[in-house]
Every structure is written in C-alpha cells, then in structure tokens.
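Asker: One structure, as structure tokens, below. Some questions next.
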Ligand code: FAD
C-alpha cells in the first residue's frame, strides 16, 4: 500500500500557525510548548544517538484532549510522536517533524480492584507509581526495569517492555487485560475490559502493545496484579562459563519452578567495570570467575523460606561442580546491593567509552553457542574489543554489548556499528533468534528488521499500519516505514 501523504504544516506557515492556535485554544497555551528550551528535552533520546525536531510539544490533560489533538493533527497532515518518559533505547520517541504528544499529565490511577486483582491506570503514570499503588493495595505489579523511576506505563506497553521479572510474570503484554487507545483519526477505542477471559473477536489490545506509537496512542490500561512475595532470596554465583550458567539455570528451575523469579547473567569484565566505576559497590565473591549469575527465589506462600530453598539448591550446585562459588544476601539491604551490581552495569559501561549495543534473544538452549560464536566473530573483526554480554539470560534475552578497545577514538568505534550489527545479527538469525528482544525496533533497528524479517510478516505489518493509520500520521518512519522517504536510521 502506498498512501498519499498530506503535506504537513510547518512552523511559520499559515497551516502550522492555524494548527497551533486550535491546539492552544483547546489544551490551553500553557500546554502547547514551542519555546526551544521547553521543546529540547523531547528531541533527544537516552543514548544521545539521535536528535530530532518538532513543531511543538503537546501536553494534553485527558483522553478527550489527546483525541482532539490527534484529530486536529491528522486533519492538518502533521505527524504525532507519543512520548511517555522518553527512556526508550531505540530512537522510537524521537520526532522528525510534527508534534510530540507527551502523556505525562495523564497520570491518574483510575481504580484498583483487589478482588479481581486489577489496576486501571492512565498511560502517563510513572511505572514506580504503578508499582506503589499495587503495593498499597497489598498486591504486586511485577514489571520492573532500571528506568522504572521515569518510564511511564503507556511507554512500557507501547514497547512491550521486558525487564527483570519476565521469567516469572512475562512481558508487559502478559500483564495487560484492557486498553483505551486514541486512533490515528482521533476516535477513541474503549477496550478497557478487566476480564481474564474475553474471546469476543480479535484481541485488538495486542495490536497496540509493542507497536511503539505507530498504530495508536495508548491513553489508559487495565493491568493484572499478583500476590506479593512473602519471602525472597537473592544469590550471586561465580561460574566457569555461560554453558555452566545454563546448567545452573536448569537446575534452579527444577528446584524452584515458578519460584525462580530472576536469572540474570554478566561476564567477568562487566563485574570489574561496575566495581571500578560505581561508587559504593563491593566485590560479592572473593575470587574471579568467567561468568556471574544473579538469581532470585521468591514465593507468595505464607511461611515460605526462600533463603533456605536457595541455599540448598546452590549448595547442591556447588557440590556437583556446576558453580564455583556463591553467596546469598542475608538481609533486604544485601539483596538490594547484589541487584545493584547488575542494574548499574549499563552506567558502568558508558564510563568505559563507546559501546555498541545489541538487544537480542535466541532459544535458551542455544544461548551459550550464540555467546561463544558472536564474541569470537567480533573479536576477530576488531582486536582489543571488549564484549560485555549481560542481561536477562533466563528468558533467552542478552544485551550483547561491545565496549570499545581501550584508547580507540569513541566516534571511530561507533562508526563501525553497522558492521557489528551484521556480524552479531547474522549469528542471531542463524540460531533462529530475534534481533529486537525487548527494547523494540524504533528507528535504530528498522532497517535491520527489513533485512532479517520474514517478507510475508513484514507485508502484514505494513498492511496493518496502512489500515490503522492510512496517512502515516502516527510516528512515521519507525518500525516499518510506509512513506517513500522515511527518516534514515543511524
Ligand atoms: P518512551 O521512551 O517515551 O517511548 C517509547 C516508545 O513508545 C516510542 O516509540 C513512543 O512513541 C511510544 N510511546 C510512548 N508512550 C506511548 C503511548 N502512551 N502510546 C503509544 N505509544 C507510546 N526496556 C526493557 O524492555 N527492559 C529493560 O530492562 C529496560 N531497561 C532499561 C533501563 C534503562 C536505564 C533505560 C533508560 C531504559 C530501559 N529500557 C528497558 C527501555 C524501555 O523500553 C523503556 O525504559 C520503557 O519501556 C519506555 O517507556 P517510556 O515511557 O520512557 O517510553
């Protein structure tokens, strides 16, 4: 499909001025930002890889204002780029013209239902506030990621965020029962059902989850809540290799079943740079090991003693020679300190100079093979390169990051990003994995998706986009490009 694009209103043109006047009248002038200083934070993304431009930043107060704004922009042919916390890592929220639509003011918790174990929330609520609202009702909203203090639930759903609790609770997609969405023409789809069973036709909410603002603007959601863990234990394990990590994972899963709630892995290099760069961190084990696993056992069962269960499971793994050394947090403060070693790794890596990142997944059984092959191929390409693969291992997801050789010019290193994409993604593809595991496609992986994606699948994606957004108003050029001249990737 090749839709005709209306020529967009531009700043300074009559059409641009008329659109801004309409928006100011409805949203109030205070919430239509056009001053450089107000707009600038919305033009850049977390990693500083892209810088965009925008006619204005809109800050609607509720769903009706979002619908009005999208409808007015659609009539004027002006693209709309939704933003939550702007913590996304694939350039998906960067505008290339048009307006930024910030959901930040739609931040209300609309309802908590402790009997149905659901929470109805507006898209702009910060993830940490959603977790806190669930906790206040004695329940758990398990989605958890290092950006939870600033990312917003609409952004989490729009990117189908993963994070550290996927092993036990699934991705954001698995945590949503209903959605309210503003469509590209300004209509509102009310799919805010709080039902565990609902097979009344196509499950439309799943179209919008993970669509990165290209099919609709999520304005509210009904989320699933869970019993809170009554007992939790965190362990840090030294291992001889990623293969040993996989063996340990299988053993712990057999021992704890659903009680194994996290299995994160980092290499020796990763731990060393955390200890070198992050103040207050301490070496958790006396010796040095090739690979480390952070494991968590948790249970909602009253009276459960997960520390005892973890100790027994790790003791057996040590005896069997599967693990080289292990420690278990003796208090919640120690548990948090162990988690901090994993959560601050991206920050430590940024202090080590340039970093080329690949957020990939492969079938779990093939993860060690992937790590061995991809690291060997990258080292062969650039001597001195320091692979730093870390992440959610237990769900098959690895952040296959490459730190620049010491002393190399950062810009020169980053210029080789496309070369390493080909090397790493070829291995992922051969192992039947995914080049976009949890962060999404956005702009940074759009051309890679085009390269590796199934042609029929890509055709279906474009047809869906054209059906829901025929004039390419919503986040154009991201994920799958409809227009002939989309913004170019890196
Ligand atoms: P934004 O960055 O504002 O937007 C992301 C995308 O969603 C954009 O394409 C945007 O247009 C679209 N969008 C935003 N809101 C809406 C809406 N209401 N309706 C429609 N489209 C919308 N991700 C993981 O999956 N797992 C992790 O463990 C993880 N860890 C992270 C750690 C750090 C330190 C950082 C900075 C990021 C991390 N991320 C992780 C990236 C993750 O995708 C985001 O943090 C989060 O899910 C995005 O939420 P946001 O509100 O910031 O969205």
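Yes or no, residue by residue, for (1) modelled with pLDDT of 95 or more; (2) within 15 Å of the ligand (Cβ to nearest atom); (3) more than 21 Å from residue 90 (Cβ to Cβ):
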| residue | (1), (2), (3) |
| --- | --- |
| 334 | yes, no, yes |
| 347 | no, yes, no |
| 353 | no, no, yes |
| 362 | yes, no, no |
| 365 | yes, no, yes |
| 368 | yes, no, yes |
| 391 | no, yes, no |
| 402 | yes, no, no |
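Asker: Now a separate question. Are any residues in segment 209-226 under 15 Å from residue 174 (Cβ atoms) and either more than 10 Å from the ligand (Cβ to nearest atom) or in contact with a strand residue (DSSP E or B) (Cβ under 7 Å, 6 or more places away or on another chain) (or both), and if so, which ones?
Answerer: Within segment 209-226, 209, 221, 222, 223, 224, 225, 226 meet the criteria.
Asker: Shifting gears a bit: Quick check on this structure: which one of 458, 385, 443 is within 26 Å of residue 215 (Cβ to Cβ) and either touching a helix residue (DSSP H, G or I) at 6+ places or on another chain (Cβ under 8 Å) or at pLDDT 95 or above (or both)?
Answerer: Testing whether each residue is within 26 Å of residue 215 (Cβ to Cβ) and either touching a helix residue (DSSP H, G or I) at 6+ places or on another chain (Cβ under 8 Å) or at pLDDT 95 or above (or both) leaves just 458.
Asker: So which of 317, 307, 326 ends up being part of a strand (DSSP E or B) and buried (at least 18 other Cβ atoms within 10 Å of the Cβ)?
Answerer: 326
Asker: Counting only residues that are more than 6 Å from the ligand (Cβ to nearest atom) and within 15 Å of residue 446 (Cβ to Cβ), how many does segment 92-111 have?
Answerer: 2
Asker: Another question, if that's okay. What helices (runs of 4 or more DSSP H), lying completely within segment 200-301, carry at least 3 residues that are surrounded by fewer than 22 Cβ atoms within 10 Å (Cβ to Cβ)?
Answerer: 242-256, 268-277
Asker: With the condition kept exactly as written, say whether any residue in segment 229-252 is away from the ligand (no atom under 14 Å from the Cβ), free of Cβ contacts under 8 Å to residues at least 40 places away in the same chain and on the phi < 0 side of the Ramachandran plot.
Answerer: Yes.
Asker: Quick one: in segment 178-193, of everything that is out of contact with any helix residue (DSSP H, G or I) (no Cβ under 8 Å at 6 or more places or on another chain) and away from the ligand (no atom under 15 Å from the Cβ), which residue is farthest from residue 392 (Cα to Cα)?
Answerer: Within segment 178-193, the match that is farthest from residue 392 (Cα to Cα) is 190.
Asker: A further question follows. Does residue 149 fit the bill of being over 21 Å from residue 194 (Cβ atoms), more than 6 Å from the ligand (Cβ to nearest atom) and either surrounded by fewer than 24 Cβ atoms within 10 Å (Cβ to Cβ) or under 16 Å from the mean Cα position of the chain (by Cα) (or both)?
Answerer: yes
Asker: Can you name the residue in segment 75-91 that is more than 8 Å from the ligand (Cβ to nearest atom) and outside any loop (DSSP other than H, G, I, E, B) and, of all such residues, is surrounded by the most Cβ atoms within 10 Å (Cβ to Cβ)?
Answerer: Only one residue fits best here, namely 80.
Asker: Looking at segment 303-314, can you tell me whether even one residue there is under 22 Å from residue 47 (Cβ atoms) and in contact with a strand residue (DSSP E or B) (Cβ under 7 Å, 6 or more places away or on another chain)?
Answerer: No, because not a single residue in segment 303-314 is under 22 Å from residue 47 (Cβ atoms) and in contact with a strand residue (DSSP E or B) (Cβ under 7 Å, 6 or more places away or on another chain).
Asker: Does segment 95-111 hold any residues that are without any contact (Cβ under 8 Å) to a residue 60 or more places away in the chain and over 30 Å from residue 471 (Cα atoms), and which are they?
Answerer: Scanning segment 95-111 gives 108, 109, 111.
Matching residues to (1) outside any strand (DSSP E or B); (2) free of Cβ contacts under 8 Å to residues at least 12 places away in the same chain; (3) more than 9 Å from the ligand (Cβ to nearest atom):
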position: 121; (1), (2), (3): no, no, yes
position: 132; (1), (2), (3): yes, yes, yes
position: 160; (1), (2), (3): yes, no, no
position: 195; (1), (2), (3): yes, no, yes
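Asker: Name the residue, out of 309, 324, 272, that is farther than 13 Å from residue 338 by Cα and free of Cβ contacts under 8 Å to residues at least 24 places away in the same chain.
Answerer: 272
Asker: Can you confirm whether segment 71-83 contains a residue that is in contact with a helix residue (DSSP H, G or I) (Cβ under 8 Å, 6 or more places away or on another chain) and farther than 20 Å from residue 17 by Cβ?
Answerer: Yes, segment 71-83 contains at least one residue that is in contact with a helix residue (DSSP H, G or I) (Cβ under 8 Å, 6 or more places away or on another chain) and farther than 20 Å from residue 17 by Cβ.
Asker: Mind telling me which of the residues 70, 100, 94, 112 ends up being crowded, with 24+ Cβ neighbours inside 10 Å and assigned to a strand (DSSP E or B)?
Answerer: Just a single option satisfies the conditions, and that option is 100.
Asker: Check whether at least one residue in segment 402-414 is touching a helix residue (DSSP H, G or I) at 6+ places or on another chain (Cβ under 7 Å) and closer than 23 Å to residue 246 by Cβ, and report yes or no.
Answerer: yes
Asker: Residues of segment 280-307 being within 26 Å of the chain's Cα centre (by Cα) and farther than 21 Å from residue 249 by Cβ, which ones?
Answerer: Within segment 280-307, 281 is the sole residue that qualifies.
The values are calculated or read from the model by the stated rules, or taken from the named source; none is laboratory data. This structure is a prediction, so every number in the text was calculated from the model and none was measured. Methodologically, a virtual Cβ is constructed for each residue, glycine included, from the backbone with ideal geometry; neighbour enumeration extends over all protein chains shown.
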